[in-house]
1. What list of ³J(HN,Hα) values in whole Hz, one per residue of the stretch 396-409 in order, does the Karplus curve 6.51 cos²θ - 1.76 cosθ + 1.60 (θ = phi - 60°) give from phi, with Gly and Pro shown as x?
2. Calculate the translational D of the stretch 21-102 in whole µm² s⁻¹ from Stokes-Einstein, where the hydrodynamic radius comes from the Kirkwood formula applied to all Cα pairs, the temperature is 10 °C and the viscosity 1.306 mPa s.
3. State the extension gain, in nm to one decimal, for the chain segment bounded by THR126 and ALA35, taking 0.36 nm per residue of separation less the distance between their alpha-carbons.
4. Can you give the Rg and Dmax of the stretch 54-93 based on its C-alpha atoms, in angstrom?
5. How much of the DSSP beta bridge set in the chain is antiparallel, as a percent to the nearest 5?
6. Within the stretch 502-517, which residues have the backbone N less than 18 Å from the label spot 7 Å out from ARG285 along Cα→beta-carbon, could you tell me?
7. Using only the alpha-carbon atoms of the chain as identical scatterers, what base-10 log of I(q)/I(0) does the Debye formula give at q = 0.07, 0.08, 0.11, 0.12 Å⁻¹?
8. Give the Kirkwood hydrodynamic radius (Å, one decimal) of the stretch 156-295, defined as one over the mean of 1/r across all pairs of different Cα atoms.
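The values are calculated or read from the model by the stated rules, or taken from the named source; none is laboratory data. All values reported here derive from a predicted model rather than from experimental measurement. Counting neighbours? That spans all protein chains shown, and the Cβs are built from the backbone with ideal geometry, glycine included. Accessible surface areas use protein heavy atoms only, side chains included; no ligands, DNA or RNA. Shrake-Rupley method; radii C 1.70, N 1.55, O 1.52, S 1.80 Å.
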Amino acid sequence: MASPNVSHSVNEGCAAAGASRWDEVRAELALGDGALNIGHACADHHVAAGRGGRVAVRALGAHGEPRLLTYAQLAEASGRFAAALTARGIGPGDTVALLLRRTPELFVAALGALKAGAVVCPLFPTFGPGPIRSRLDLAQARLLVAAEDLYARKVAAQRGALPRLEQAVLVGEDGAAARPAPGCLDYAALLTGAAPAPAVATRPLDPALLHFTSGTTGTPKGVVHPHRAVLAHLLTGREMFGLGPDDVFWCTADPGWITGTAYGIIAPLACGATVLADEADINPRRWYGILADEQVTVWYTTPTAIRAMMRFGAALARSYRGTSLRVAASVGEPLNAEAVLWGRRALGVPFLDTWWQTEIGSVAIANRPDDSIRPGSMGRPLPGIQAAVVRRDGNHVEPIDTPDTVGELAIRPGWPSMLSGYLGEGVLLGVGLHDGWYLTGDLVRRDADGCFWFVGRADDMIKCGGVQIGPFEVEGLLMNHPALAEVGVVGKPDLLLREVPVAFASLNPGFQAGDALRAEVLSYARQELGSALAPRELHFLAELPKTVAGKILRRVLKAKAVEEPEESEPLPAVGVLGPEA
Ligand code: AMP
């Protein structure tokens, strides 16, 4: 994409170009008579085009042989599951929740439910019983598909408290028959007992997906997306990642986070690529092996995972012998310039930062592989996305044209994966627009070349005296200190200044937490940032608190900032990942 004309606050030209491409892919994926169904677009569509023999899913279990699904097998199994759901009275308007790890059954159940016309609500397998119950309740799920061990540990005891959850379908280990459990059906038996059904002819705006936002700052909200979102998944798959049938695409995001659905399932399958699904959690040692052995061509991961790899150090990175990786990208949190460049040194390609949020539904702003990348920035809007930096004045919104001025990131509605609305008490609540803009709640600045730079969540800004401090700027600078592995900066209430910045950090292997290191880092911060921005306190933690999607939980740090005495107890220098071998 060419650089936008920076004298315009909005990239209007790109938006028009994007709209016409959306029409083209709509024709490519349509089910006939204007119908569009994500399940059909991700499986049956490829079979009809003669690509049924290609591998759609290659799932690496925690142990054992990889399990494969061709597009033909995925189309057939999801068709059977759709038929089984229909026979059990589940259809358009019903919500099917999924509590599954990244296994072949996750793909079959998600596409099957979509083909039956139901709304799919993936849940985080790492959540405990409380958050799972509240989400099942908020989603008003009628049917749950769950791994049998997760069901036994997290749902069985609270089934009585979930009157709307009429049916549960259990998946046994490695797709085998599940052990009989009261009030539950066996997934394998359901599948063999049904004949494949074609996808329901859903309309583009019919609801398809329900995700709960990770809520780094507030209460999670249920966000609904329509079937039309697949147009944006297909196009961003092609335009951001260059995905096609010869690619092996690996997305490390958990099911439950929208990234795990949009890019862990839909985008690569809509593009006809092979999706690599790894059941295991973050494990840098294992990951270098997977990248090389599985000949991954495109890798989509998170800053948390990248920091974990950096923390393991250069020796492990030097052992990496992969040659297939073409694109590596990151999402979810700001990615500092050092991490971008570390990718180039360790993996041969830089980590490209991409920005979007649950409500947006697909990558909206990014450093694209074919564009000049700007390490540390979020990049430029993708074609079809009209993004602007705006100033809010009550309900009025005014775009800011002057480069490098901080304001709120706003997007003009109209892109296909825009949320349909929020779920409240079983009904879809509208999305508030301001002067025709969707406001993201993120503060950014745009430079003279049209690149966007993340400053912070509007509600994370630290108001210190007369100065507004963006935590990411402080964190980014502190991350350059060799001792610090991860940093979170928050505001601590202060009688005189209203708030002062305080930092929490975990350490790289080989560094010892204590007063000497604290004094050294704080003095480094004052020297580099100046006294107005430098944190007044530094607390060492073995690990920073995170959401299940791996984002630093600032509200927990804020609470800690108030609790912590001025000087915290020294903790062991090495976090849970352990030292480099
Ligand atoms: P969620 O909807 O839970 O995925 O959270 C979306 C939020 O994560 C965004 O509004 C940003 O605050 C943050 N975020 C996502 N991607 C990036 C990025 N590349 N750089 C900075 N912040 C990001």
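1. The phi angles translate into 8, 10, 10, x, 9, 8, 5, x, 6, 9, 7, x, 8, 6 Hz.
2. 108
3. 29.2 nm
4. 13.6, 38
5. 60
6. Under 18 Å, as judged by backbone N against the label point of ARG285, lie 509-510 of the stretch 502-517.
7. So the normalised log intensities work out to -0.41, -0.54, -1.04, -1.24.
8. After inverting the mean inverse Cα-Cα distance, the result is 18.2 Å.
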